[in-house]
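The values are calculated or read from the model by the stated rules, or taken from the named source; none is laboratory data. None of the values given here were measured: they were computed from a predicted structure. Note: ideal-geometry Cβ built from the backbone for every residue, glycine included; neighbour counts use all protein chains shown. What goes into the accessible areas is simple: the full protein's heavy atoms, side chains included, and nothing from ligands, DNA or RNA. Shrake-Rupley method; radii C 1.70, N 1.55, O 1.52, S 1.80 Å.
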Amino acid sequence: MSVKEIVEATGGRLLSGPPDVTFPRLFTDSREVESGGLFVALRGGQHDGHVFIPQAVERGAAGVLCERPPQGVMLDLTAERLRRRPLPIVAVTGSAGKTTTKELIAHLLGRRQRVHKSEGNLNTYTGIPMTVFQMDPRDRVLVVEYAMSRTGEIRELTSVAPPTIGVVLNVGLAHVGLLGSIEAVASAKRELVEGLAPNGLAVLNADDRRVRAMSAVARRFTLYGFAADAAVRADRVRLHGLDGSSFTLSTPRGKAEVYLRLPGHHSISNALAAAAVALEFEFDAAAVASALHGFIPPSRRMNILTGRNGATVIDDSYNASPGSMQAALEVLRLAPRGSLRVAVLGDMLELGDHAEQAHDEIGSLAGKTADILIAVGEYAPRMVQSARRAGLAAERALVVEGADEAVAALTPWLNAQTQVLVKGSRGMRLERVVEQIREPA
């Protein structure tokens, strides 16, 4: 069952984490919990399962179904574990790009020391304890995502695991449906800067005005980006289509030429954030450039794959927000001259009252960057209508019911000149499109 199905069946509410995670098994005995399972904290005559929530999490439970919030117990346990094993903590938050940036940071720092990083969706008040419990005595740095679905959630995390370095990437419409406004999203992200350890460093995106403004509450901060006053900056940027980009990395510790295998302008921004963190660990620009060259992105995030009949597949199906969707479509725009550019797009979830306008805007952009749009989901008709208004021919802007129909509509177009972008929120499960059109590994 998925989180959404469990919430509906029990009449409960989701306290933390994404609504589309699926649990293969459930457990009522904490001693039997297996990784990825759901622990149900039953209250009986002799034992209360709530007492055993920390043990279930430590054994790998990916979710907890309970009558009362367990975060106090779990966060206390996390604080105690970190008190006994203090490590530098690098925490990353933002509306888009968290996982890729976390992986970039771990990759850079891992060149010199053993790094423990959060995996998958372990970025909430249940996931952070799981990450901490899995640390090895040989680990020297902890790199984690601090996600949120409500005001105060990041503050709770920083109260038990105050970061040595806090990275804020951007503030966008992701989760605005849960918080109500983009200003509320910015306030929730700012909790990371406010909760840094004494003398902690805030690494802030100079190109996002809401993030830049967070410098006012930081004891120490570094700006990164493309702005002229960014301490860690990309100059002389050259985009090489789907092959990546190159640029001059300018830092207080020198300059170096960087070749990045990740396509798109937004990928350079993420790399600059990682570079700013590495500088705090005594890297110079040349060492950063050398490490960035070898970085390979995580699964389903700007993966360039070979598809059927020689087509190229841009698999960015892991998740979607308006900002990340715009960035992905700009990557599709970079396809070689003569290519047939196809966008398979799913709904962007958790946008609340902003959903209609956001999907209209993405549809309009798709009409300008793609030759064919195949849209899936509740807002697919809006995206298609906007794409047609932007100039896309009616027969090349299609609404389909799901992944199988998307594949059927897409298949006749697949050839060596076709570039296919696949992107949508996790709940849309568009990775099923990728699985059907890619060449077997």
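A simple spin-label model places pseudo-atoms 7 Å from Cα toward Cβ; at Asp284 and Gln55 they are separated by 5.4 nm.
Please report the net charge: other residues with Cβ closer than 10 Å to the Cβ of Arg333, K and R +1, D and E -1. It works out to a net charge of +1.
Which length gain, in nm to one decimal place, applies between Ala216 and His293 when the Cα-Cα distance is subtracted from 0.36 nm times their residue separation?
So the extension gain works out to 24.3 nm.
The stretch between Ala184 and Arg114 holds 21.6 nm of extra length on full extension. This uses 0.36 nm per residue minus the Cα-Cα distance.
Computed from the Cβ-Cβ distance with R0 of 30 Å, the FRET efficiency linking Asp76 to Arg429 stands at 0.25.
Note on the chain: helix-only mean residue ellipticity at 222 nm, from DSSP H runs of 4+ residues weighted -39500 (n - 2.57) and normalised by residue number, equals -10000 deg cm²/dmol.
A quarter of the convex hull surface defined by the alpha-carbon atoms of the chain gives 21.2 nm² as the mean projection.
Give the shape of segment 130-232 as rounded, prolate or oblate, defined through the alpha-carbon gyration tensor: a ≥ b ≥ c are the square roots of its eigenvalues, a/c under 1.5 means rounded, and otherwise the shape is prolate if a/b is larger than b/c and oblate if not. Judged from the Cα gyration tensor, segment 130-232 comes out oblate (a/c at least 1.5, b/c at or above a/b).
What are the trypsin sites (Lys or Arg not before Pro) within segment 262-357 that DSSP puts in a loop, where the Cβ has at most 14 other Cβ atoms within 10 Å?
Within segment 262-357, the qualifying trypsin sites (Lys or Arg not before Pro) (loop, at most 14 other Cβ atoms within 10 Å) are Arg337.
For the chain, the carbon plus sulfur part of the accessible surface works out to 49%, probe radius 1.4 Å. The slack between Asn309 and Glu5, meaning 0.36 nm per residue of separation minus the straight C-alpha distance, is 105.6 nm. The alpha carbons of segment 290-361 give a radius of gyration and a Dmax of 14.4, 45 Å, in that order. Label-to-label distance for Arg83 and Thr411 is 6.1 nm, based on points extended 7 Å past Cα in the beta-carbon direction. Take the chain with all the other protein chains still there, run a 1.4 Å probe, and you get 42 Å² of accessible area per residue. Given R0 = 60 Å, the distance between the Cβ atoms of Asp48 and Arg337 translates into a calculated FRET efficiency of 0.35. When each of the peptides 221-228, 89-96 is scored by how many other beta carbons lie within 10 Å of its residues on average, the order from highest to lowest is 89-96, 221-228.
When the GluC sites (Glu not before Pro) in segment 333-441 are filtered for DSSP coil states and for at most 16 other beta-carbon atoms within 10 Å of their beta-carbon, the remaining sites are Glu378, Glu401. Label sites at Arg238 and Arg25, each approximated as a point 7 angstrom past Cα along Cα to Cβ, lie 5.4 nm apart.
Mean projected area of the convex hull spanned by the Cα atoms of segment 149-192, taken over all viewing directions: 2.8 nm². Annotation: peptides 250-257, 191-198, ranked by per-residue average of other Cβ atoms within 10 Å with the highest first, follow the order 191-198, 250-257. Annotation for segment 118-189: trypsin sites (Lys or Arg not before Pro) lying in DSSP loop with at most 16 further Cβ atoms inside 10 Å of their Cβ are Arg138, Arg140, Arg150.
Is the C-alpha gyration tensor of segment 233-347 telling us rounded, prolate or oblate? Criteria: a/c under 1.5 is rounded; beyond that, a/b larger than b/c is prolate, otherwise oblate. In terms of gyration-tensor shape, prolate. Annotation: amide H of Val92 within the under-5 Å range of Val144, Glu145, Tyr146, Val167, sequence separation 5 or more or interchain, hydrogens built in the peptide plane. With 22 Å as the limit, the listed pairs Lys102/Lys423; Lys117/Lys423; Lys98/Lys423; Lys98/Lys255; Lys368/Lys423 have Lys117/Lys423; Lys98/Lys255 beyond it between alpha carbons.
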